[in-house]
1. Let's test this: bin the Cα-Cα distances of segment 1-137 at 10 Å from zero up to the farthest pair and state each bin's percent.
2. Can you pull the one-decimal nm distance between simple spin-label points at Lys404 and Arg365, each 7 Å off the Cα toward Cβ?
3. Looking at segment 365-431, I'd like the Rg to Rh ratio, where Rg is from alpha-carbon atoms and Rh is Kirkwood's inverse mean 1/r.
4. If you wrap a convex hull around the Cα atoms of segment 154-289, how much volume per residue is inside, in Å³?
5. Using DSSP to define loop residues, name the chymotrypsin sites (Phe, Trp or Tyr not before Pro) in segment 217-324 whose beta-carbon has at most 15 other beta-carbon atoms within 10 Å.
6. Using only alpha-carbon positions, what ratio does the radius of gyration of the chain give when scaled by 2.2 N^0.38 Å?
7. What's the extension gain from Asn258 to Ser286 if we count 0.36 nm per residue and subtract their Cα-Cα distance?
8. Just the number, please: percent antiparallel of the DSSP beta bridges in the chain, rounded to the nearest 5.
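Readers should treat all values here as calculations from the given coordinates under stated rules, not as data from a laboratory. All figures in this text were calculated on a predicted structure; none of them were measured in a lab. Here the Cβ positions follow ideal geometry from the backbone for every residue, glycine too, while neighbour counts run over all protein chains shown.
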Amino acid sequence: MSKDILAQKVAEIQSTCADINAPSWLFEELRTPKSVIKRKFRVVIGGKHHVFTAIRVHHVNPFPTGAAPYKGGLRYHPALDENIATMLAMDMTEKCALAGLPFGGAKGGIALDPAEFNEIDLRAITEKMTGEFMKAHILHPDIDVFGPDAGTTAEIMFWIYNTVADLSQISGNIPNTTAVVTGKPVEYHGIPGREDATARGLLIQLKEYLRLSGLKLGRAPTVAIQGFGNVGANAAFLAPDFGFKVIAVSDVNGGIHNPNGFDIKRAHANYESWGDFEGAGADAISNEALLTLPVDILILAAIEHQIIATNAQDVRAKIVVEGANGGIAPVALPILAESGITVLPGIAANVGGVVVSFLEWSSNRGNRRHNVDLAKEHAWVVDELTSIMEDVIGNVYRESVEQKCSLPKAAHRLALLRIRDQLKRKHSYLL
Ligand code: NAD
């Protein structure tokens, strides 16, 4: 399964290379990662030894590594393996290029379900993993900067930062230690607005796409959201501010649906109290059924390959937004296009997380400030995010009109054209 997910990503890169008439070296550079780091380690949990393997994939850095780092999320999810991490790192390379961020693409994590561990054990695992990555000389503000992804949180980012700061006193100082990881809590060198940046970013982009395309969806377009974690829950909270009505949400165990909408705050409170959405004034719905609801907008905010060749023809949303990286299998895209469904591709739509991570990383490398006015800082973050998200979709939309192609095709074209130019300079390719 994960082999196929990676194979589809590589085939997508190959077809974009052909589409932009790229020199043969571009596909050679992009088809495999620069390096895959695997570190096996042990943690004693409940008196027993547990063995874990942490993976970190560096795909391609079109900038001089050491001046501009690899950047990418750290995932704790049972299905994470080298193939998935590689596919996600490839997306990250394209995402950073598309948004003009000075980062290479990376991804990594551990194949584990964080829900199966208590906080003390999860912290022990995270600290041991951090030490292992430090021994591999990768965790560094100029070499590889981690951030939150599925299954990891601001608190976990703090544990990593805290461990690096601590151990770097022994292993040689790391400059600007706070910049070694983004998505930290605001009170520990994080930046206000990072927590909901991915969700806000995708809603900003969706709104801007509707403006650019002139597509009319009615007064309160309906939204179904798969995944109720950082991206999904924040998208549900923010959707009404953007004029959208949430009518369905789900997590890994299923969700709720009410065509007239429901109180999302109550659904969230129930979820926090007893782990499901029951009692929020909506009916139960399975994840499979949620994906095929007749809504205006479907937001994918869980994991990769949720819309695949076998269910794509059943999707009835007018627009699908890829909050989750690779939420739509590349082979399903033509099926959606055939049904007249617009897709806002992940490399554009979910770039808000790394955009605000860039702001955090940059400010961590500058002078520390005293008494930061958080409200002012938040307003600045939202302004920057808005301008970059609108810029990205503007470029992608214009490319799609000029090339008479879908938004995903246009986004991949623009990303690879930029990577081609950057790599040409970095490696003195003459062709
Ligand atoms: P999260 O762990 O906070 O939440 C994931 C949610 O998806 C949970 O509600 C979980 O129950 C649900 N889920 C997991 N597996 C599922 C399945 N098989 N079917 C249905 N639901 C499932 O993760 P997140 O940070 O919100 O990330 C979600 C997606 O967005 C991932 O693909 C991630 O790579 C992508 N993303 C996240 C960020 C970020 O800033 N966190 C940035 C860009 C992209």
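1. Answer for segment 1-137: a P(r) of 12, 38, 31, 15, 5, 1 percent.
2. 4.3
3. Values: Rg = 18.0 Å, Rh = 15.0 Å.
For segment 365-431, the value is 1.20.
4. Working: hull volume 20.5 nm³, N = 136.
Value for segment 154-289: 151 Å³ per residue.
5. Numbers: sites: Phe228, Phe237, Phe242, Phe244, Phe262, Tyr271, Trp274, Phe277; in loops: Phe228, Phe244, Phe262, Phe277.
Passing sites in segment 217-324 do not exist.
6. On the way: Rg = 20.8 Å, N = 431, 2.2 N^0.38 = 22.1 Å.
It is 0.94.
7. Details: separation 28, 0.36 × 28 = 10.08 nm, distance 1.30 nm.
Gain on extension, Asn258 to Ser286, equals 8.8 nm.
8. Details: 24 of 52 bridges.
The answer is about 45 percent antiparallel.
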